[in-house]
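The values are calculated or read from the model by the stated rules, or taken from the named source; none is laboratory data. As the structure is a computational prediction, the values presented were derived from the model and not from experiment. Cβ sites come from the backbone with ideal geometry, for glycine too, and all protein chains shown count toward neighbours. For accessibility, only protein heavy atoms count, side chains too; no ligands or nucleic acids. Shrake-Rupley method; radii C 1.70, N 1.55, O 1.52, S 1.80 Å.
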Amino acid sequence: AVSHATFGPGVPVAYVATGGSFPDALAGGVAAGRQKGPVLLVSRTSVPVATVNELKSLKPARIVVLGGSSAVSDAVVAALDAYTAGSVTRIAGADRYGTAVEISKATTGTGAPRTVYVATGASFPDGLAGTPVAARAGGPLLIVPAGGVTPAIAAELRRLDPSRVVILGGPSVVSNGVAAQIAALWD
C-alpha cells in the first residue's frame, strides 16, 4: 500500500527483500529512496499476491533482490523475472552486515563529500528513523554488530572516505567502543 500510494508505473527500480527480518530492507531502503523506487517484501519461498500486484502495476525497469538465498530463495528470484522487462539481480553479503556493505558498494560512489549513517544491526528503530535522512543526504546506511566493526565495514568506510559519520542511537545500541573503532579508521 505504501508503494502504491507513492510510486506509479515505470519506476526505474524496485528493491525486494524478505519480510521475515529487517536488516536487508533497512540498508536497501536508502538506495531505493535515492533511486526513486520502492522496497517490496517477499517471503523466503514465495512472492505474496500483494507484491505481485504491485510489481505488475509498477512495471519496474529492473528488480534488485536484497540478501542471500537464505533470505530470498533462488526460486523467488526466478519468479520475479516475470515482472520486469529488464534484469533481476541480487545484492548479498555473507550476513546482514556484509549485505549492507554490498548494497553500499553497489549504489554509492566515491568522490563527493558525504555523510555515512551507521546503526546497529541488532534492532531496527534507529536505522529506520535514519533511512530517509541518509537517502536525502546521498550516503549509505551501514549496520554494525555489537562486537565491533568488521573488516568489510572498515574497508567500505575507507572506500567511501566520508566527510562525516553519524551514529544513529546512543551507546546502548552502538557502543562507545564501536564508535571509537570507526573514528580510528582515519587516525
Take the chain, drop everything but the C-alpha atoms, weight them equally and run the Debye formula without solvent; then report log10 I(q)/I(0) at 0.12 Å⁻¹ to two decimals.
-0.54
By the scheme Lys and Arg +1, Asp and Glu -1, what is the net charge of all other residues having a beta-carbon under 13 Å from that of Val144?
-2
Placing one identical point scatterer on every Cα of region 17-114 and ignoring solvent, what is log10 I(q)/I(0) from the Debye formula at q = 0.11 Å⁻¹?
-0.30
Student exercise, region 39-109 dipole from Lys, Arg, Asp, Glu Cβ charges, in Debye to nearest 20:
120
With all protein chains present, the chain has a carbon and sulfur share of its accessible area (1.4 Å probe) in percent of 57
Taking only DSSP H segments of four or more residues, each worth -39500 (n - 2.57), what value at 222 nm results for the chain once the sum is divided by all its residues, to the nearest 500 deg cm²/dmol?
-12000 deg cm²/dmol
How much accessible area per residue does the chain have, counting only protein heavy atoms and a probe of 1.4 Å, in square angstrom?
45
